[in-house]
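*Asks:* What follows is a structure written as structure tokens; I'll ask about it next.
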Amino acid sequence: MQQYRVEARCIVFFAVLLFSFPAVFASEQPSLPNDTRWRNQRIALSLSRSFDSSSNISGDIREALRHSVRAWSEAASVGFEIVDSEAMSVSPKGIKGDGTSLITTAVTADNLKLFPQQSASPAAVTRVFRDVRGYISEADIVLNPFVRFSSDGSFDTFDLQNTLTHEIGHLLGLEHSPVWGSIMYARASRSLGPAYFRGSRDELPQVDSSAVRGLYGPRLDDVKCCGVVSGRISGPLPTARVLVWIEEIDTGRLIAAAVPEKDGTYRVDGLPEGDFQVFAASEGQSDEFASENSKVVVAAAETTKRNFELRPSRSGVRAQLLGTSVQLAGMPVDLIAISQDLYIGVDGSPQNIARVAVSGGGILFDSRIGAGNFRMFSSVKVASFGLTVPPGLPKGEYTLVIEGNTGVRQYLVGSLINR
């Protein structure tokens, strides 16, 4: 049984007199069962020698790969062995591959079939094979030979390590995440240049750590993991995807997330012990479907039940894009300074925004840029706010809450990253 993961990487640039929309984003990714994983939790990866002579790679591929697999193995009970290989091509279509999990960027006929639009194709593809019992038996990763990757933030390149970390997540059985700050988020941006480069992400976001622990279990030395929160979403379910996510009560830091099944049932695995808040809301609609949050206490090896009823309501404003004064895109924003400006691209009148905040309240917002901060670029209006990051804010991802004048809230889950 063969599955595909295809990644499209795009960015929208926001300059003084220019606002352009990204190319159409494509993702060919059929859903896998939630428990799809490797049976043997020691996985052999074969690194193709095609990287030794590839012209589209700038950086040490072996070092980047070591960092990528270390991030996953430090989060869960899974390990990797990396060996060099003379192989070049992805296993061809079929029920069964060749048994070798290959990472390659070679310009071969089989590899090029995965990128029919060349540089306009996705940046990477992971092809997964499963055995008759549903376990992953092989997964091949191909980096698009028509686009460039780097480890130093060179202009117009994808981050080599982050791309590999994302693809290793697919190799392990994880789907795309709707969480903006997840390493498994379906989008990634090309670099604007070394001056804007903040380095690769050596540590997994908490939401990805929880997800992989849900598949493979925690490390043997992690005695405070793992608990489960599960339940059912009821009410008039929207056509848009519903997301359930969990945050720390004290800080608002994002811990885990899950997409409910079609019948409204959900299960969030891999949770550490602690006191949390559970949220549920829909995505991508002018009509909001959201619940009140619910407090839970998570203990290792225990399941906590929480049900939600979604209620329809209308906000009058819909945030689509985020950024700094340099870029605006459907991408998370790094908190790079104690004080900085945040730009929000909205569908609707920016004056309908009553306030912006994060759940934990640690990050403070104000509209000190003034009433003249709304500018029209194409069909998107832009509102700007100042934000202040308190000293000692824990590293992690935070959810931006945009509250309209009607009191309805929109959640951009994990869209602010404190590194």
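*Asks:* Out of all the residues in region 233-273, which are touching an Asp or Glu at 6+ places or on another chain (Cβ under 7 Å) and either under 24 Å from Pro391 (Cα atoms) or acidic (Asp, Glu) (or both)?
*Replies:* Ile249, Arg253, Leu254, Ile255
*Asks:* Could you list all residues from region 164-221 that are part of a loop (DSSP other than H, G, I, E, B) and among the basic types (Lys, Arg)? Can you show your working first?
*Replies:* Kept after step one, since they are part of a loop (DSSP other than H, G, I, E, B), are these residues of region 164-221: 172-176, 178-184, 186-193, 197-205, 217-221.
Selection gives Arg187, Arg190, Arg198, Arg201, Arg219.
*Asks:* Report, by residue number, each residue of region 360-392 that is part of a strand (DSSP E or B), at pLDDT 65 or above and more than 27 Å from the chain's Cα centre (by Cα).
*Replies:* The one that is part of a strand (DSSP E or B), at pLDDT 65 or above and more than 27 Å from the chain's Cα centre (by Cα): Asp366.
*Asks:* Applying the selection to region 74-100, what residues are assigned to a helix (DSSP H, G or I) and crowded, with 19+ Cβ neighbours inside 10 Å? First the steps, then the outcome.
*Replies:* Initial filter on region 74-100 (assigned to a helix (DSSP H, G or I)): 74-75.
Scanning region 74-100 gives a single hit, Ala75.
*Asks:* Taking region 398-419 as the search range and keeping residues that are at pLDDT below 85 and either assigned to a loop (DSSP other than H, G, I, E, B) or out of contact with any strand residue (DSSP E or B) (no Cβ under 6 Å at 6 or more places or on another chain) (or both), which one is nearest to Val259 (Cα to Cα)?
*Replies:* Per the criteria, the residue is Val408.
*Asks:* Being of a type outside the set (Lys, Arg), crowded, with 22+ Cβ neighbours inside 10 Å and touching a residue at least 60 places away in the same chain (Cβ under 8 Å) is true for just one of Ser209, Ser189. Which residue is that?
*Replies:* Just one listed residue meets the conditions, Ser209.
*Asks:* Follow-up. Could you list all residues from region 248-277 that are part of a loop (DSSP other than H, G, I, E, B) and basic (Lys, Arg)? If you could, list the steps in order and put the result at the bottom.
*Replies:* Just the residues of region 248-277 that are part of a loop (DSSP other than H, G, I, E, B), to begin with: 249-252, 259-264, 273.
Listed by number, the list holds a single entry, Lys262.
*Asks:* Let me ask something additional. Among Val333, Val326, Val268, Val259, which is modelled with pLDDT of 95 or more and either of a type in the set (Gly, Ala, Ser) or not assigned by TED's automatic domain parsing to the domain that holds Ser191 (or both)?
*Replies:* Val268
*Asks:* Next question, about the same structure. Do we find that Lys224 is surrounded by fewer than 22 Cβ atoms within 10 Å (Cβ to Cβ), more than 30 Å from Glu63 (Cα to Cα), basic (Lys, Arg) and free of Cβ contacts under 8 Å to residues at least 40 places away in the same chain in this structure?
*Replies:* Spelling it out, it is not the case that Lys224 is surrounded by fewer than 22 Cβ atoms within 10 Å (Cβ to Cβ), more than 30 Å from Glu63 (Cα to Cα), basic (Lys, Arg) and free of Cβ contacts under 8 Å to residues at least 40 places away in the same chain.
*Asks:* In region 195-212, is there at least one residue being of a type in the set (Asp, Glu) and touching a Ser or Thr at 6+ places or on another chain (Cβ under 7 Å)?
*Replies:* yes
*Asks:* Next question. Only one of (1) modelled with pLDDT of 90 or more; (2) basic (Lys, Arg); (3) farther than 30 Å from Ser209 by Cβ fails for Lys395. Which number is that?
*Replies:* (3)
The values are calculated or read from the model by the stated rules, or taken from the named source; none is laboratory data. Predicted model only: the values in this text are computed from it and were never measured. Note: ideal-geometry Cβ built from the backbone for every residue, glycine included; neighbour counts use all protein chains shown.
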